[in-house]
Amino acid sequence: MQEKDKKDWQPKILAILCNWCSYAGADLAGVSRIQYPPNIRVLRVPCSGRVDPMFIMKSLQNGFDGVLVSGCHPGDCHYLSGNYNARRKFAVLKPLLEYIGIETERVQFSWVSAGEGERFAEVVTKVTNDIRKVGPAKRLVKGVVSW
Amino acid sequence: MVKALREEVKRLFEEKKVDLVIGWGKGSLPMTATPIFINKAEDAERLIWDETCSNNLAVYLTKDKRQLVKTDQKIGIVVKGCDGRSLVLYAVENQIQRENLVIIGVPCAGVIDKKKVLKHIEGKEVLSASFEADRMTVEGRGFKTEIAKCDVLSDSCLNCNHPNAPVFDVFIGEPRKSDSVEDVYPDVEAFEKLDSEARWKTMVEAYSKCIRCYACRNVCPSCYCTECFVDQNDPQWIGKSPEITDTLIFHLGRNLHVAGRCVECGACERACPADIDLLKLNRKISKEILERFNFTAGLDINEKPALASFCENEKQDFIMG
Amino acid sequence: MIKIEKSNFGTFIQNLSADYSLFAPVGEGQQSAFREVKNAEQINTHIQITQNSPKTVFLPQTEVLFEFSGDDIQSEEKPAKPMFFWGVRSCDAKSLNLLDKVMGQSKQRPDDPAFQDPYWKARFDDAIILTLACNEPASTCFCNWTGGSPFSKDAGDLWAVETETAYLVEPLSEKGEAFVKGLSGYDTASEKDKQSIAKLKKQAESYLQPAVDAETLKEKLPQTWEDPLWDEVSAKCVNCSACAFICPTCYCFDIQDEGKKDKGKRIRTWDCCMFPIFTKEASGHNPRSLARERVRQRVMHKFRYFWEIYGESLCTGCGRCVRVCPVNLDIREVAKQLLEADSAA
């Protein structure tokens, strides 16, 4: 990677948000005019339990520099237990990706409620800064793989 | 031991307790056993049980591979510890009718990995092999070598803590006492200590060898989906070529699908024609699940797999505070 | 017949690699394959048979047919140097000829280039194949079943035997003649050398097990179509494609587009008749939905269908599938069982 490219580079982050909490939280951040980095692309899903680990791996493969998955706080799931099931999946996925050598910053999880516009902005800021630090994704990206 | 097994199977047929028995028979190559399906008492003579019986026979009870097995038949199946754990998994996941199954347990001291033997003798061809308690002798044209059995045991057997089937109807001989009392993961811990770049490099090097033959998936007792995600093409999740990211995502996807369900029998690794140590990822997941959820797959017929259940107040340190 | 002393082998290989892309057996055991080499040290000269056949070079597991961007289409250039294959076993040399019948020539429309595969032809037509006699066939070898033999000269452009001290090389085709003419400074093989060839040949043949006649099998196969024996022989098959992917003559492939929007590449990648999805139709119907039908297809294709079209068996008896099968489904046993079965006509 050239120095020049590094300066211009902006991380591209996929934010997979659950319809009932985090998506509404993002909406609240928007209507409240809270500033957060414009690096995320939002994918709305009915529930964090809908998130197949495959979505996350495919996003990285197709060139996203990072993925944020956010759902309702434990106990608040619209479908009662979707986020608990999601939590178990993530508990396995995250260490597994780290184990094979994917930077731990690239895949992150959070709980953001519909009322936490402020928090949503904080989460996105943190994730963006984290990914900025580790730089452009190179490892699991199709056609780019290197170390 | 073999004699007792044959006697027992003969008795099961004679008492009409089984219509079909799945076991291991002598293979066509040295150091190789092969799955056999027998349907009459006299064929019990074809059964063997030794350190070459490495296939996990539970796989033949899954829907797609039930070629000779009819659903209303009484089936006998010879199982090692890990095969027995697969049966527990099937019972938990409603894949078998327990009452139609006669589980014949055999005590297992580990099976050998042929590929390790071949590496030991630098690719020379083995024409015959014989086994003693703790060593094996291999012979070929112009050489005869003794190898300590522990050097050629399948990776899955090295840290195995479950030598006997957890659930069985008959047991041949005495159940074997396990060498250790808890599941340990020294191999995983060693790999975790490497830095991220080294881990990634190792992975890419290992999985670049994959030819996408799906032998690992197809011998895996926990992989019994009628349509695998890798075969789906609308949407197509994974490219068909052995391109490294597609290959890695296939393997990771498979690992995640068998997370909390993998019994670590090592069938995948022994089946791999490209010699990839596939179990490395499965064992990482098993370790994680044991540490977090205190769960080991295939031991308790009344316990749901780890990823099919949850506790409300469990540790969530991996989620942003 | 010329004689290349082993002491000169290094120089011979060095010279070869200057004029050709030189491929030779490399690596041990499960990692062994034909790869490009630059010098003799890289070559594994004592290997019985490589795990991966030379097919992987001529018909790679995946190749890019062309790249596209909008209406613009770019395909790869022809390789600059022709390939030279050192140390191909007779079964593998034959397998390349069999593949050429399908990919390179076309029996039905021999003069129509539209029926010839340009990617195959670009690699195969100029390539020189040196068939190295098998001094020590493996216990899994059964080339004698399908008309081959360890010292067969039926396929390849050059033929060579490894003796104690030298490689003895003779041409088999016009390409081979031209190659040998281009060599200078090598002795011709003596009468004594020829005697040692005869001795090695006899010894090699003694290692093989008695042959089963593939032609009888071919005659028998049509009658076995409904035989319940297929249930038995296929019961243990787990439907992976290990056998097909290491087979030197399996050529089925899938063509896929990879890319985004109007930019990407069209790739050709191996496929396998053992996969249920191989024959699955858009309606959801699968004419070969059972393992029995798929195993039968594979055996029939190797020992019957190909024969009916091209006049010989598609199996060359290299024994690779016997070695890699994770459940020890041995094609030799299957053939024997089929021959013994008393299927009704």
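The values are calculated or read from the model by the stated rules, or taken from the named source; none is laboratory data. This is a predicted model, so every value here is computed, not measured. FYI the Cβ positions are ideal-geometry reconstructions off the backbone, even for glycines, and counts take in every protein chain you see.
Residues checked against (1) at pLDDT below 90; (2) surrounded by fewer than 17 Cβ atoms within 10 Å (Cβ to Cβ); (3) in a loop (DSSP other than H, G, I, E, B):
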position	(1), (2), (3)
C:Arg268	no, no, no
C:Met274	no, no, yes
C:Gly284	yes, yes, yes
C:Arg294	no, no, no
C:Met300	no, no, no
C:Tyr305	no, yes, no
C:Thr316	no, no, yes
C:Leu338	no, no, no
Filter region C:8-41 for residues that are exposed (fewer than 14 other Cβ atoms within 10 Å of the Cβ) and touching a residue at least 40 places away in the same chain (Cβ under 8 Å) and give the result. C:Asp19
What's the number of the condition B:Ile238 fails, among (1) more than 7 Å from every other protein chain (Cβ to nearest Cβ); (2) surrounded by 22 or more Cβ atoms within 10 Å (Cβ to Cβ); (3) among the β-branched types (Val, Ile, Thr); (4) part of a helix (DSSP H, G or I)? (4)
Which numbered condition B:Gly123 fails, given (1) assigned by TED's automatic domain parsing to the domain that holds B:Gly23; (2) modelled with pLDDT under 95; (3) not hydroxyl-bearing (Ser, Thr, Tyr): (1)
List the number of the failed condition for B:Val138; all other conditions in (1) in contact with a helix residue (DSSP H, G or I) (Cβ under 7 Å, 6 or more places away or on another chain); (2) farther than 23 Å from B:Cys272 by Cβ; (3) of a type outside the set (D, E, K, R); (4) not assigned by TED's automatic domain parsing to the domain that holds B:Ile77 hold. (2)
Look through region C:115-156, keep the residues that are part of a helix (DSSP H, G or I) and in contact (Cβ under 8 Å) with a residue 60 or more places away in the chain, and return whichever of them is farthest from the other protein chains (Cβ to nearest Cβ). C:Phe124
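Just the residues that are more than 9 Å from every other protein chain (Cβ to nearest Cβ), farther than 12 Å from A:Phe64 by Cβ and either touching a residue at least 12 places away in the same chain (Cβ under 8 Å) or of a type in the set (Phe, Trp, Tyr) (or both), please, taken from region A:132-142. Walk me through it before giving the result.
Let us first name the residues in region A:132-142 that are more than 9 Å from every other protein chain (Cβ to nearest Cβ), namely A:132-138.
After this cut, where a residue has to be farther than 12 Å from A:Phe64 by Cβ as well, the list is A:132-135, A:138.
Across region A:132-142, the qualifying residues are A:Arg132, A:Lys133, A:Val134, A:Gly135.
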Scanning region C:250-287 for residues that are more than 14 Å from B:Asn233 (Cβ to Cβ) and among the aliphatic types (A, V, I, L, M), the one farthest from the other protein chains (Cβ to nearest Cβ) turns out to be C:Met274
Mind checking which residues of region B:110-135 are part of a helix (DSSP H, G or I) and within 10 Å of chain C (Cβ to nearest Cβ)? B:Lys114, B:Lys115, B:Leu118, B:Lys119
Boolean, A:Phe55 is within 27 Å of B:Lys280 (Cβ to Cβ), at pLDDT 95 or above and surrounded by fewer than 19 Cβ atoms within 10 Å (Cβ to Cβ): yes
Do you know which residues across region C:122-140 are within 14 Å of the chain's Cα centre (by Cα) and modelled with pLDDT under 95? C:Phe124
Among the residues of region A:55-89, the number that are more than 23 Å from A:Lys142 (Cα to Cα) and touching a helix residue (DSSP H, G or I) at 6+ places or on another chain (Cβ under 9 Å) is 18
Does region B:234-241 include one or more residues that are under 30 Å from B:Cys53 (Cβ atoms) and not charged (D, E, K, R)? no
List the strands (runs of 3 or more DSSP E) inside region C:42-103, counting only whole elements, that have at least 1 residues being within 14 Å of chain B (Cβ to nearest Cβ) and crowded, with 16+ Cβ neighbours inside 10 Å. C:62-69
Within region B:256-278, which residues are part of a helix (DSSP H, G or I) and crowded, with 24+ Cβ neighbours inside 10 Å? B:Ala267, B:Cys268, B:Arg270, B:Ala271
So, restricting to helices (runs of 4 or more DSSP H) that lie completely within region C:206-249, which ones have at least 2 residues that are away from chain B (no Cβ under 14 Å) and either farther than 14 Å from C:Ile331 by Cα or at pLDDT below 90 (or both)? C:214-220
Being within 30 Å of C:Arg320 (Cβ to Cβ) and away from chain C (no Cβ under 14 Å) is the filter here, so list the residues in region B:1-49 that pass it. B:Leu47, B:Trp49
Only residues in region C:199-211 that are under 15 Å from C:Cys91 (Cα atoms) and touching a residue at least 12 places away in the same chain (Cβ under 8 Å) count as the first member; pair them with residues that are assigned to a loop (DSSP other than H, G, I, E, B) and polar (S, T, N, Q), Cβ under 7 angstrom, at least 6 apart or cross-chain, and list the lot. C:Ala204/C:Asn135; C:Glu205/C:Ser149
Failed item, numbered, when C:Asp112 is tested on (1) closer than 30 Å to C:Glu219 by Cβ; (2) without any contact (Cβ under 8 Å) to a residue 60 or more places away in the chain: (1)
Entirely in region A:18-131, the strands (runs of 3 or more DSSP E) that have 2 or more residues that are facing another protein chain (nearest Cβ under 8 Å) and touching a strand residue (DSSP E or B) at 6+ places or on another chain (Cβ under 7 Å): A:107-111
Scan region B:96-136 for residues that are surrounded by 15 or more Cβ atoms within 10 Å (Cβ to Cβ), free of Cβ contacts under 8 Å to residues at least 40 places away in the same chain and basic (Lys, Arg) and jot them down. B:Lys116, B:Lys119, B:Lys124
Can you confirm whether region B:288-311 contains a residue that is within 14 Å of chain C (Cβ to nearest Cβ) and either closer than 24 Å to B:Glu192 by Cα or crowded, with 20+ Cβ neighbours inside 10 Å (or both)? no
Does any residue of region B:17-37 turn out to be part of a helix (DSSP H, G or I) and in the same structural domain as B:Gly298 (by TED's automatic domain parsing)? no
If you check every pair at least six apart or on different chains, which have Cβ atoms under 9 Å apart with a residue in region B:192-212 that is more than 10 Å from chain A (Cβ to nearest Cβ) first and a residue that is of a type in the set (A, V, I, L, M) and in a helix (DSSP H, G or I) second? B:Cys210/B:Ile244; B:Cys210/B:Leu248; B:Ile211/C:Ala242; B:Ile211/C:Ile246
Count of region B:241-272 residues which are within 19 Å of C:Cys237 (Cα to Cα), among the charged types (D, E, K, R) and within 9 Å of another protein chain (Cβ to nearest Cβ): 1
